[in-house]
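Inspection log for the structure reproduced underneath, given as structure tokens.
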Amino acid sequence: MANNILEMRGVTKHFPGVLALDDVTFSVQSGTVHALMGENGAGKSTLMKCLFGIYKMDAGSIILKDRECRFYSAADAMAAGVSMIHQELSNVPERSVAQNLWLGREPLNKLRLIDHQKMFRDTKTLLEGLNYHFDPGARMASLSISQQQGCEIARAVSYNASIVVMDEPTSSLTENEVAHLFEIIRELRSKGVAIIYISHKMEEIFQIADDVTVMRDGKVIGTYPANDLNGDKLISLMVGRDLTHRFPPVESHIGDVCLEVKNLTAANPRSFKNISFQLRKGEILGLGGLVGAQRTELVEAIFGIRDVASGEILVDGKPLRKIRPRNAIEAGLGLVTEDRRSTGIFPLLSITVNTAIASLGNYRNKIGLLDHKKLTGTAAKQNSQLNTKTPSMGTLIQNLSGGNQQKVILSRWLMTLPEILIMDEPTRGIDVGAKYEIYTIMADLVKQGKAIIMVSSEMPELIGMSHRVLVLCAGQLTGTLEKADITQETIMRCATRFS
Ligand SMILES: Nc1ncnc2c1ncn2[C@@H]1O[C@H](COP(=O)(O)OP(=O)(O)OP(=O)(O)O)[C@@H](O)[C@H]1O
Ligand SMILES: [Mg+2]
């Protein structure tokens with residue numbers, strides 16, 4: 001087509017045991033938002049990393065503005081106007097915003113020294129042009145995720161990027177921050193920039209995308225104008241079959257109280273205060289609220305990762321002696337963390353070890369040695385139940401796609417056979433098909449009499465799966481909604497009580 005700014009032709013990429021990209025052809029027009037969709041492990045990130053020169057393609061060509069080119073590093077790609085806002089933000093945390101932005105290409109003064117004033121001025125102009133208002137001298141580490149992302153976008157703009165790739169950019173943003181990002185995307189598009197947008201959030205795609213390319217198992221299924229698609233069509237293209245129900249039925253018997261939290265207040269004065277609630281056997285208790293409501297802080301405190309100033313936690317009526325993860329695990333609690341990168345995975349260890357690491361105690365034989373065979377077998381079974389996509393159980397977890405890493409973490413906690421499972425954003429970064437599998441496992445667990453606390457920012461999930469929903473706003477409990485009262489409106493009303 002005439003105004004294709006980018007064409008990738010016949011791209012193939014093997015990893016040991018995986019054909020990640022199989023003869024992929026993909027083209028993007030300038031001045032459009034092009035969504036790249038597909039199940040976990042479909043090859044989306046790999047395709048973009050090939051474009052960006054992070055991975056070397058086995059075969060294929062890249063045609064940028066009608067000229068064949070190949071990048072050997074991210075710096076090459078950026079110099080040619082191809083920028084990528086990474087899933088994992090990649091800054092130097094201890095340096096300032098300005099230093100990060102101009103790293104390796106600092107402006108020099110007449111004496112050939114770094115011109116700090118110009119660097120700061122230019123950074124300020126760039127950020128303000130994107131409607132971000134924070135200090136170019138601030139340390140990167142002191143910024144929020146959204147601000148750090150702003151820096152990466154500013155860097156792309158500074159390179160005059162004609163293509164900007166965004167890989168799951170909204171996963172940790174608040175609603176206002178998402179709206180801000182979308183404004184920027186629209187602005188870039190109107191200037192002729194092509195945006196390649198990867199996300200598992202269907203609503204976002206229909207809000208922002210012009211075209212959608214769907215991938216499955218390393219192949220491109222097709223490219224469609226977003227207007228020709230709807231949710232159901234898109235899902236069936238991605239998973240290769242119709243998915244008529246988004247949630248399985250939750251049929252459980254609600255039993256006795258198994259967890260009671262009494263007046264729990266965080267040690268950090270800016271965190272949650274005076275939280276009390278009960279959880280019953282067989283119950284899925286949703287925990288809703290906006291990003292920043294202190295939900296993660298609360299569940300981490302219950303699990304003993306964060307310090308509390310006062311309050312009590314009772315499991316089956318007995319107070320936890322000390323609130324420490326070890327005691328929590330012994331008392332039958334499990335926690336699937338929200339941020340798998342910093343608190344979840346051990347990148348350089350295998351999937352087996354990553355899965356088994358929290359339940360080694362259950363796999364000792366009579367003389368106290370690890371029963372490797374049983375352990376490996378259970379770890380494998382658990383992962384296959386969740387359809388974790390991997391060449392083998394010995395593969396390093398860092399080589400899995402984002403969503404598949406999340407499934408390993410979930411397998412880990414399922415293997416500890418917890419009575420009370422706390423799940424923090426359990427389906428973040430997970431594709432629609434796999435979400436259903438996770439929901440089914442949740443439904444099975446509560447059917448067996450276990451209890452679940454599910455922190456979620458996804459309304460449909462809170463509404464579709466919870467028996468009750470607690471809502472937090474600015475560290476306070478602002479609502480307890482019974483099944484019949486759980487709606488988008490009631491949740492939002494409680495979630496914004498103080499704004
Ligand atoms: N560095 C690597 N080494 C080995 N295998 C890899 C590596 N990177 C990706 N893979 C494999 O390539 C396949 C495609 O992965 P990719 O990360 O591109 O998926 P994705 O579509 O981005 O999925 P997600 O939605 O979960 O992020 C997967 O099977 C993955 O395990
Ligand atoms: Mg990915």
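Things to note:
- Residues of region 416-433 that are open to solvent by less than 10 Å² (accessible area, probe 1.4 Å), more than 14 Å from the chain's Cα centre (by Cα) and modelled with pLDDT under 90: Gly433 alone.
- Applying the set (1) touching a residue at least 60 places away in the same chain (Cβ under 8 Å); (2) of a type outside the set (Val, Ile, Thr); (3) within 16 Å of ligand 2 (Cβ to nearest atom) to Ser83 leaves exactly one unmet item: (3).
- Among (1) in contact with a helix residue (DSSP H, G or I) (Cβ under 6 Å, 6 or more places away or on another chain); (2) in a helix (DSSP H, G or I), the one test that Ser45 misses: (1)
- Checked across region 101-109, the condition of being touching a Ser or Thr at 6+ places or on another chain (Cβ under 6 Å) and closer than 22 Å to Val193 by Cβ holds for at least one residue.
- The lone criterion from (1) open to solvent by 60 Å² or more (accessible area, probe 1.4 Å); (2) of a type in the set (A, V, I, L, M); (3) in a helix (DSSP H, G or I) left unmet by Leu348 is number (3).
- Pairs linking a residue in region 43-62 that is within 16 Å of ligand 2 (Cβ to nearest atom) to a residue that is in a helix (DSSP H, G or I) and open to solvent by less than 10 Å² (accessible area, probe 1.4 Å), with Cβ atoms under 7 Å and 6 or more positions apart or on different chains, are Phe52/Ala77.
- Residue list for region 148-176, restricted to those being outside any helix (DSSP H, G or I), away from ligand 2 (no atom under 16 Å from the Cβ) and at pLDDT 85 or above: Tyr159, Asn160, Ala161, Ser162, Ile163, Val164
- Of the residues Phe71, Phe26, the single one that is in a loop (DSSP other than H, G, I, E, B) and either under 28 Å from the mean Cα position of the chain (by Cα) or surrounded by fewer than 14 Cβ atoms within 10 Å (Cβ to Cβ) (or both) is Phe71.
- Applying the criterion of being assigned to a helix (DSSP H, G or I) and open to solvent by 30 Å² or more (accessible area, probe 1.4 Å) to the residues of region 206-235, the residue that is farthest from ligand 1 (Cβ to nearest atom) is Asn227.
A quick yes/no check of all residues on (1) closer than 30 Å to Ser199 by Cα; (2) touching a residue at least 24 places away in the same chain (Cβ under 8 Å):
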{"residue": "Val353", "(1), (2)": "yes, no"}
{"residue": "Asn362", "(1), (2)": "no, yes"}
{"residue": "Gln382", "(1), (2)": "yes, yes"}
{"residue": "Leu400", "(1), (2)": "yes, yes"}
{"residue": "Pro426", "(1), (2)": "yes, yes"}
{"residue": "Leu445", "(1), (2)": "yes, yes"}
{"residue": "Lys450", "(1), (2)": "no, yes"}
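Each row is one residue, and each column tells you yes or no for (1) part of a strand (DSSP E or B); (2) open to solvent by 60 Å² or more (accessible area, probe 1.4 Å).
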site: Arg306; (1), (2): no, yes
site: Ile329; (1), (2): no, yes
site: Gly334; (1), (2): yes, no
site: Glu338; (1), (2): no, no
site: Thr355; (1), (2): no, no
site: Ala380; (1), (2): no, no
site: Ser384; (1), (2): no, yes
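- Restricting region 181-205 to residues that are under 19 Å from the mean Cα position of the chain (by Cα) and assigned to a helix (DSSP H, G or I), the residue that is farthest from ligand 2 (Cβ to nearest atom): Phe182
- Qualifying positions in region 47-68 - open to solvent by 20 Å² or more (accessible area, probe 1.4 Å) and within 13 Å of ligand 1 (Cβ to nearest atom): Lys49, Ile54, Tyr55, Lys56, Asp58
- When Asp256 is tested against (1) in contact with a strand residue (DSSP E or B) (Cβ under 6 Å, 6 or more places away or on another chain); (2) open to solvent by 50 Å² or more (accessible area, probe 1.4 Å); (3) closer than 28 Å to Val299 by Cβ, just one condition goes unmet, and that condition is (1).
Yes/no matrix, rows are residues, columns are (1) modelled with pLDDT of 90 or more; (2) in a helix (DSSP H, G or I); (3) on the phi > 0 side of the Ramachandran plot; (4) of a type outside the set (A, V, I, L, M):
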site: Asn40; (1), (2), (3), (4): no, no, no, yes
site: Lys49; (1), (2), (3), (4): yes, yes, no, yes
site: Ser61; (1), (2), (3), (4): yes, no, no, yes
site: Ala75; (1), (2), (3), (4): no, yes, no, no
site: Ser90; (1), (2), (3), (4): no, no, no, yes
site: Gly104; (1), (2), (3), (4): no, no, yes, yes
site: Lys110; (1), (2), (3), (4): no, no, no, yes
site: Arg121; (1), (2), (3), (4): yes, yes, no, yes
site: Leu126; (1), (2), (3), (4): yes, yes, no, no
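- Residues of region 238-248 classified as open to solvent by 30 Å² or more (accessible area, probe 1.4 Å), within 14 Å of Arg216 (Cα to Cα) and in contact (Cβ under 8 Å) with a residue 24 or more places away in the chain, total: 1
- Among residues of region 188-206 that are within 20 Å of Tyr436 (Cα to Cα), those with a Cβ under 9 angstrom from a residue that is of a type in the set (Asp, Glu) and away from ligand 2 (no atom under 16 Å from the Cβ), sequence gap 6+ or separate chain, pair up as Lys201/Glu458.
- Filtered residue count, region 278-299, keeping only those that are in contact (Cβ under 8 Å) with a residue 40 or more places away in the chain, open to solvent by 20 Å² or more (accessible area, probe 1.4 Å) and in a strand (DSSP E or B): 1
The values are calculated or read from the model by the stated rules, or taken from the named source; none is laboratory data. No experiment lies behind these values; they were computed from the predicted model shown. For neighbour counting, all protein chains shown are included, and Cβ atoms are generated from backbone atoms with ideal geometry for every residue, glycine included. Accessible surface is based on the protein model in full, side chains and every heavy atom, while ligands, DNA and RNA are left aside. Shrake-Rupley method; radii C 1.70, N 1.55, O 1.52, S 1.80 Å.
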